[in-house]
Amino acid sequence: MTTPGTNAPARLIAHMREAYYGWWVVAAVFVIMATTAGIGFYNLSVMLGAFSETRFDVSEVSGATATFFLASGFAGVAVGRLIEVYDARYVVAISGTLSALVFAFVGSITEVWQLYLFYAVFGVLYAGCALVPATTLVARWFSRRRAVALSVASTGLSVGGIMFAPLSAWIIQTQGLSIAGYWMSVLFFIGVVPAALFVLRPSPQSMGLRIDGDPPLANGESEGPPDGIALALAIRSRFFIGVTVAYVFAMMAQVGALSHQFRLVSLREDAAIAALAVSVLAASSIVGRLAGGVALTRLPIRTFTLVFMGLQACGLAAFAFADGTVTLMAASALFGVTVGNILMLQPLLLGEAFGLRDYGRIFSLSQMCGTFGVAGGPAVVGIVYDMAGGYTAAYLTVACASLLALAVFALSGPVRPPGTGS
């Protein structure tokens, strides 16, 4: 006699086999983004701190992170073209393998020029296995549920920061940079390459499927080429220009505030409270992104974007005046909810406006322009802090940058501009 639940594993396996393969792609992208963000993006500041403590002066290494952002932004344009010509999983796997090899040489860096070369080379390789190929693949597999799929996949960014950045910091502190470099190399390879090679697929059509898992076409019917607008037409549209310029200011505000959050809270409270504030921000980012993905199935994406750009400005203004544990945690939670959604909305906006035809190149070009805001944000906050003698003016400055992003986006017109294939 079988007991209740005996067949549960078999039923679970059956459901997994019947599930639309696009959700397996989402799962693989989640793992890859967690790895690249945790060991790459979030870990860069951890490594830079270790380099400044043991090998170089702070002034010598201050521009290394900006070098990474600029290198990855410009390389992303080439990656957008590569994944249109070649199978994206091989682009991701090769980039992941080479990135892992680069990490193995971290312990050998003894000169400032070597440090900048490392950040530049890793930035180029990072572009090949991070946001551009990840969002492009999710966009190819989903249309009606693209917002939900992308919110789940991009949650890997926050999870990676929570999991891998503290682990990397612990390894560096206990084993030193040389040994830590080898561990980061191994973890990066394991987190990226197997998922890319064994799970990712370039499109539903490559597996004889239809987007969103729609029923097969009748005999003799053809899916046709991907819908969408040509790159040359898209980049001349008011909407593309508006979104791109808005994201220069939005990401400058976001990354600038994120890079200084720990220090701001430490100065107003202490390091323990600052660490808690960072955790609150990361957790609220995850919750906000997942809730936002569901909400976008019911709300207009343009209105949603305007609201969250405004909320980001409110969160930054709250940081400017927050003084005390409760208000600092509240500001961290409010700002965190916007962090995940603002980042997720850019690929969704461009995908909805211009379709899949040249999506990879359109998104990568917009992201490259946004890189200037990402690279400059920490410097803007630091400069205003030095000039004004505190973080109040600095965070009000980036709050104004977020409001400027809102204004520019509001002037960009409808998501599907006339004459762009609506």
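Values quoted throughout were computed directly from the atomic coordinates according to the rules given, and no laboratory measurement underlies them. Computed from a prediction, not measured in an experiment: that's the story for all the values here. Because the Cβ atoms are built from the backbone with ideal geometry, glycine has one as well, and the counts that use them run over all protein chains shown.
Over all pairs of different C-alpha atoms, the chain has a mean inverse distance whose reciprocal, the Kirkwood radius, equals 22.1 Å. Binning the alpha carbon pair distances of region 212-320 at 10 angstrom intervals from zero yields the distribution 10, 28, 28, 19, 10, 4, 1, expressed in whole percent. Based on Cα atoms of region 20-207, Rg over Rh with Rh as the Kirkwood radius reads 0.99.
Sites listed here are trypsin sites (Lys or Arg not before Pro) in region 239-312 whose DSSP assignment is loop and whose Cβ has at most 15 other Cβ atoms within 10 Å: Arg298. On a full-extension model of 0.36 nm per residue, what is the gain between Asp227 and Glu53, subtracting their alpha-carbon distance, rounded to one decimal in nm? Extra length from Asp227 to Glu53 when fully extended: 57.4 nm.
Taking all Cα pairs closer than 8 Å and separated by 6 or more residues, the relative contact order of the chain comes to 25 percent. Taking the C-alpha atoms only, the angle from helix 301-321 to the longest principal axis of the chain is near 20 degrees. For the residues Arg55, Arg357, Arg140, a GNM of the chain with alpha-carbon springs under 10 Å puts the largest fluctuation on Arg55. Here the gap between Ile190 and Thr174, fully extended at 0.36 nm per residue and compared with their Cα-Cα distance, gives a gain of 3.5 nm.
Multiplying the residue separation of Trp113 and Ala19 by 0.36 nm and removing their Cα-Cα distance gives an extension gain of 28.9 nm.
Once backbone amide H atoms are built at 1.01 Å from N, Gly228 has Leu356, Arg357 as its partners under 5 Å, excluding neighbours fewer than 5 places away on the same chain.
From the Kirkwood radius over Cα pairs of region 231-410, Stokes-Einstein at 20 °C and 1.002 mPa s returns a whole-number translational diffusion coefficient of 130 µm²/s. For the residues Gly161, Gly336, Gly242, a GNM of the chain with alpha-carbon springs under 10 Å puts the largest fluctuation on Gly242.
Springs between alpha-carbon pairs under 10 angstrom, Gaussian network model over the chain: which of Tyr86, Tyr395, Tyr116 fluctuates most? Result for the chain, Cα springs under 10 Å: Tyr86 fluctuates most.
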